[in-house]
1. Suppose we filter segment 239-256 for residues that are in contact (Cβ under 8 Å) with a residue 40 or more places away in the chain and either open to solvent by 40 Å² or more (accessible area, probe 1.4 Å) or over 15 Å from Leu297 (Cβ atoms) (or both); how many remain?
2. Can you give me the ranges of the strands (runs of 3 or more DSSP E) entirely in segment 1-105 with at least 1 residues that are under 17 Å from Gly270 (Cβ atoms) and either open to solvent by 30 Å² or more (accessible area, probe 1.4 Å) or of a type in the set (D, E, K, R) (or both)?
3. Can you work out which of the residues in segment 106-146 that are under 20 Å from Val9 (Cβ atoms) and in a loop (DSSP other than H, G, I, E, B) is most open to solvent (accessible area, probe 1.4 Å)?
4. Among (1) outside any loop (DSSP other than H, G, I, E, B); (2) at pLDDT 90 or above, where does Ser240 come up short?
5. Restricting attention to segment 200-223, which residues are touching a residue at least 40 places away in the same chain (Cβ under 8 Å) and either open to solvent by 60 Å² or more (accessible area, probe 1.4 Å) or touching a strand residue (DSSP E or B) at 6+ places or on another chain (Cβ under 7 Å) (or both)?
6. Just one of (1) among the hydrophobic types (A, V, I, L, M, F, W, C); (2) more than 18 Å from Gly195 (Cβ to Cβ); (3) assigned to a strand (DSSP E or B) trips up Phe228, so point out which.
Amino acid sequence: MIKMAISVVDSVMLLGGAKNSADVVALELLEQTSQPLQWHGKTLATAFVAPPVSGQTVAQRLLWLLEQLQQQSSAFNQQQVYLILPEQAAADDDSLNTFLQLLMQRMPSLLMAPGCRVFPYGSAGALMALNAAVQHIAQQPDARIWLLAVDSMALSSALDLVASAPAPDATVLSEGAIALCIASDCNGINIQWHGADASPGALPGQDSGIAALFLQLVQQVQQPLTRFYLPDCGDEQQSSRWQLQYTHLHGAIDQSSQLVFPSYRCGELGACGGLYRLWHLLSQLPTTCQPGLIAQLEISARQYRALTLFKYRLQSADVANLSTHKDV
């Protein structure tokens, strides 16, 4: 694994519960607010940028969100973009091609930018895209790469799935578009290890893909994790996918390890959720001179999983400064 240190040098964010980048940052300080939505006789908790539109396709909704993000800032236009999209798991699923065709018509600069890549792997795509971007930056240290994710739960298919569940869970359905620009930074964070898996149709209690990733993670660490970022946002079935494999983390987790669940603040964002959690991880400055190891797990809706191990890289002057102020 290439130990290239990177950091976020620019960002533009739009979430259902936060209409601009400043509001996204403030989510940590605010109670989540949601709006009830009546759907097929069920009351669903939602936090959408705008109400669902009858007959609107997935491609139309995603493009609309990107256009709203572009109104905040067009910094990611005509730049090197890695596009993170809802997963396309079925051979007959043509939603990706439909969206890309519409994107080419309405925002051609994104797809025509040099080095544009598409990661249709749901939330796991955020870590896959980051790993690919870091490898590219290692070859071209002056490069800046935009990671751009978009997804929405304000769609009939997503709402039908939640409404059909036997009992409602605590999930707040949301949507968003996030763009993060990453670049080389000697005071940034290293990817120590990255793993990914595709296991279609795996049942929560038999998800060998997550178990294998956890076992690989344990082999990579010589000390317990300081923080472990997890994709929970209230969906008990989603939570069970990693909880039932938790015992495989023996040696990587102890009582001092902090489990971090940023998505309880933003709601379920689908593919966009992985990049939100990555932003949260990268934006958290270490608070001691030994910040330790941090990991992030992503589980997409159907078949993709990704797990990445990070470590902050600090210059000696920064370590001294942190040591001086750690008790403030």
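1. Residues that pass the stated criteria total 1.
2. 35-39, 42-47
3. Asp142
4. Exception for Ser240: condition (2).
5. Pro200, Gly201, Gly209, Ile210, Leu213, Gln216, Leu217, Gln220, Val221, Gln223
6. (2)
The values are calculated or read from the model by the stated rules, or taken from the named source; none is laboratory data. If you're wondering where the values come from, they're calculated on a predicted model, not measured in any experiment. Cβ coordinates were reconstructed from backbone atoms using ideal geometry, including for glycine residues, and neighbour counts include every protein chain displayed. The accessibility values were calculated without ligands, DNA or RNA, using every heavy atom of the protein model including side chains. Shrake-Rupley method; radii C 1.70, N 1.55, O 1.52, S 1.80 Å.
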